[in-house]
Amino acid sequence: MPKLLIVDDEPFTVEMLESFLQINGYETVGAFNGEDGLVLVSVEQPEAVILDLMLPDLEGFEVCQRIRRQPESANLPVLIMSARTDVDARERAAAAGANGYLVKPVNFPHLLAELKRLLALTQP
């Protein structure tokens with residue numbers, strides 16, 4: 001059962017995603033800010049991260065860059081999930097090392113397809 005880390009400052013969003021993903025066979029861990037998310041990447045060692053861009057302490061771009069700088073998480077799939085629809089946000093996410101980008105409100109079939117694609121990247 002793949003473990004996913006969800007980093008979003010909205011508790012409702014984290015709870016909704018956790019419920020949906022658990023029903024679909026994923027183990028989940030939630031964090032409500034970037035610093036906690038970075039700690040949980042090391043402690044929980046998830047197979048993928050779902051990351052919001054607008055967090056209270058660090059921007060999601062910074063969190064993604066820090067994940068990439070750590071050798072143990074350098075190849076960890078990171079899926080940005082944000083309300084930001086602008087091209088600049090997508091380009092900055094890609095430059096920070098994100099593997100995918102979905103716009104909120106999330107389309108659940110798209111989310112599952114994207115997670116499947118990202119988790120396949122890590123299989124030998």
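The values are calculated or read from the model by the stated rules, or taken from the named source; none is laboratory data. Treat the numbers as computed from the prediction; the structure is a model and nothing was measured. Cβ coordinates were reconstructed from backbone atoms using ideal geometry, including for glycine residues, and neighbour counts include every protein chain displayed.
Before we move on, is Ala89 within 16 Å of Val7 (Cα to Cα) and either of a type outside the set (D, E, K, R) or not in a loop (DSSP other than H, G, I, E, B) (or both)?
Numbers: within 16 Å of Val7 (Cα to Cα): no; either of a type outside the set (D, E, K, R) or not in a loop (DSSP other than H, G, I, E, B) (or both): yes.
No, not satisfied.
Ala95 is checked against (1) surrounded by fewer than 14 Cβ atoms within 10 Å (Cβ to Cβ); (2) aliphatic (A, V, I, L, M); (3) not in a helix (DSSP H, G or I) and fails just one. What number does that condition carry?
(3)
State which residue is nearest to Leu76 (Cα to Cα) when the search covers only the range 104-117 and only residues that are surrounded by fewer than 19 Cβ atoms within 10 Å (Cβ to Cβ) and touching a strand residue (DSSP E or B) at 6+ places or on another chain (Cβ under 7 Å).
Within the range 104-117, the first condition is being surrounded by fewer than 19 Cβ atoms within 10 Å (Cβ to Cβ), and the residues that meet it are 104-110, 112-113, 116-117.
Add one more test, that the residue is touching a strand residue (DSSP E or B) at 6+ places or on another chain (Cβ under 7 Å), and what stays is 104, 106, 110.
Working: Lys104: 22, Val106: 21, His110: 20 Å.
The selected residue is His110.
Tally the residues that are in a loop (DSSP other than H, G, I, E, B) and small (Gly, Ala, Ser), restricting the search to the range 98-108.
Within the range 98-108, the subset in a loop (DSSP other than H, G, I, E, B) is 98-99, 104-107.
Add one more test, that the residue is small (Gly, Ala, Ser), and what stays is 98.
Qualifying residue count for the region: 1.
Among the listed residues Leu40, Leu79, which satisfies the condition of being free of Cβ contacts under 8 Å to residues at least 40 places away in the same chain, of a type in the set (A, V, I, L, M, F, W, C) and assigned to a helix (DSSP H, G or I)?
Selected residue: Leu40, the only one of Leu40, Leu79 that is free of Cβ contacts under 8 Å to residues at least 40 places away in the same chain, of a type in the set (A, V, I, L, M, F, W, C) and assigned to a helix (DSSP H, G or I).
If you take the residues in the range 28-60 that are under 10 Å from the mean Cα position of the chain (by Cα) and either of a type in the set (Val, Ile, Thr) or at pLDDT below 95 (or both), which one is farthest from Glu72 (Cα to Cα)?
Step by step, filter the range 28-60, then rank; the result is Ile50.
What number of residues within the range 44-86 satisfy the criterion of being aliphatic (A, V, I, L, M), surrounded by fewer than 18 Cβ atoms within 10 Å (Cβ to Cβ) and touching a strand residue (DSSP E or B) at 6+ places or on another chain (Cβ under 9 Å)?
Here the count works out to 2.
State which residue pairs qualify: first residue without any contact (Cβ under 8 Å) to a residue 40 or more places away in the chain and inside the range 100-124, second residue assigned to a helix (DSSP H, G or I) and acidic (Asp, Glu) in any location, beta carbons under 7 Å apart, and separation of 6 or more residues or different chains.
That search, which allows pairs on different chains as well, returns Gly100/Glu114; Leu102/Glu114.
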